[in-house]
Amino acid sequence: MRRSAPKAFSLIEALVVIAILAILQGLLLAAIQRVRLAAARLVCANNLRQSALALHQYHDTHNGLPSGVRRLQTGEPMPLASWRTFILPYIEQQALWDASVQAYRQDPYFHRQAHEYVRTRVIPLYICTLDYRVQTAWDVTSNWGFNVTVALSSYLGVSGTQSTLRNGVLYDNSRVQLVHIRDGTSQTLMIGERPPSADLVYGWWYAGWGQYGNGQLDTHLGATEVNLYDTWYRGCPVGPYGYGPGQLENYCSAFHFWSQHPGGAHFAFADGSVRLLSYSIGPQTLAALATRQGGEVIHLAD
């Protein structure tokens, strides 16, 4: 008896199988990306919630929220230290807080050698994992010409409408109490997402000069911020800048809140709640939410 030869695939059948596999692979990659984005949203929202809780614990201990940044001035023991530094004991980073206090006792200038250990520590609670840049320390040349190795942060305090107006919750030398937030803690922003600037000059977690010695762009940001140096910084317009999408490679994106999450950015309110606010709310609504006693009544959709 003759044995029949095994049947082979035709070219058309092979192409159909390849096409089906390619479609399945595309669907799988899209599903993985959606899961990754959803997981990152949960992590980033939880980081903000924990930071807001730490701010409340600081408030209960010191009868007020920490300064967005301490100004460089005579008699200041920790000049240019950010609010993130002052809440270290409340995020289970007591040893790092002790090291920062000791570093400032040795040298009041945070960019010098005494501060390197603290300055280069990556704090998981202060970063959003969608941005690869915040997961390690970087060697950066500041606008003032000194070279420094720094770790970064994805979150900034909300200083109000503009940092120089100081009508928000966290700004230079602020000491806001919750009773001062007359618009209501559930109607007032405290922390928001904004990735570090494209050149990594702005967005250091430990301390920061900002644009004008007030920590702006480094430790806190206004909802309708302006460029204090006009076109001196990377040719960016004066502004004001409104809430909307940004890009990691766009230097001017440093002047407004945004995130790598689709459609909006997370914000922690002064009552400790966290919401992802859609870009569609517009800059005027965000500005109203950024003030502590502007008298606005805001209704956000769930």
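The values are calculated or read from the model by the stated rules, or taken from the named source; none is laboratory data. All figures in this text were calculated on a predicted structure; none of them were measured in a lab. Cβ: placed from backbone, ideal geometry, glycine included. Neighbour counts: every protein chain shown.
Structure values in brief
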read-out	value
Residue list for the range 177-205, filter: of a type in the set (Val, Ile, Thr), surrounded by 23 or more Cβ atoms within 10 Å (Cβ to Cβ) and in contact with a Lys or Arg (Cβ under 7 Å, 6 or more places away or on another chain)	Thr188
Hits in the range 75-115 - residues which are under 23 Å from the mean Cα position of the chain (by Cα), of a type in the set (Phe, Trp, Tyr) and either outside any helix (DSSP H, G or I) or surrounded by fewer than 17 Cβ atoms within 10 Å (Cβ to Cβ) (or both)	Phe110
Selection count where residues are in contact (Cβ under 8 Å) with a residue 12 or more places away in the chain and either touching an Asp or Glu at 6+ places or on another chain (Cβ under 7 Å) or part of a helix (DSSP H, G or I) (or both), scope the range 116-134	10
Among the residues listed as Gln293, Gln247, Gln284, the single one being polar (S, T, N, Q), in a loop (DSSP other than H, G, I, E, B) and either within 23 Å of Asp131 (Cβ to Cβ) or without any contact (Cβ under 8 Å) to a residue 60 or more places away in the chain (or both)	Gln247
Residues of the range 40-67 that turn out to be within 16 Å of Gly168 (Cβ to Cβ) and outside any helix (DSSP H, G or I), as a count	4
The range 198-218 - residue that is of a type in the set (S, T, N, Q) and not in a strand (DSSP E or B) and, of those, nearest to Val158 (Cα to Cα)	Asn214
Scan of the range 218-235 for residues that are modelled with pLDDT of 95 or more and of a type in the set (A, V, I, L, M, F, W, C), ordered by number	Leu221, Ala223
Any chance Leu170 is crowded, with 23+ Cβ neighbours inside 10 Å and either farther than 17 Å from Cys44 by Cβ or polar (S, T, N, Q) (or both)	yes
Some residue of the range 177-185 being more than 21 Å from Tyr279 (Cα to Cα), part of a loop (DSSP other than H, G, I, E, B), modelled with pLDDT under 95 and of a type in the set (Ser, Thr, Tyr)	no
Any hit, the range 144-155, residues being modelled with pLDDT under 95, in contact with a His (Cβ under 7 Å, 6 or more places away or on another chain), farther than 21 Å from Ser278 by Cα and part of a loop (DSSP other than H, G, I, E, B)	yes
Positions within the range 236-261 being touching a Pro at 6+ places or on another chain (Cβ under 9 Å), buried (at least 20 other Cβ atoms within 10 Å of the Cβ) and either at pLDDT below 95 or of a type outside the set (A, V, I, L, M) (or both), in sequence order	Tyr241, Tyr243, Gly246, Ser253, Phe255, His256, Trp258, Ser259
Test set (1) in a loop (DSSP other than H, G, I, E, B); (2) out of contact with any Lys or Arg (no Cβ under 6 Å at 6 or more places or on another chain) - His261 fails condition number	(2)
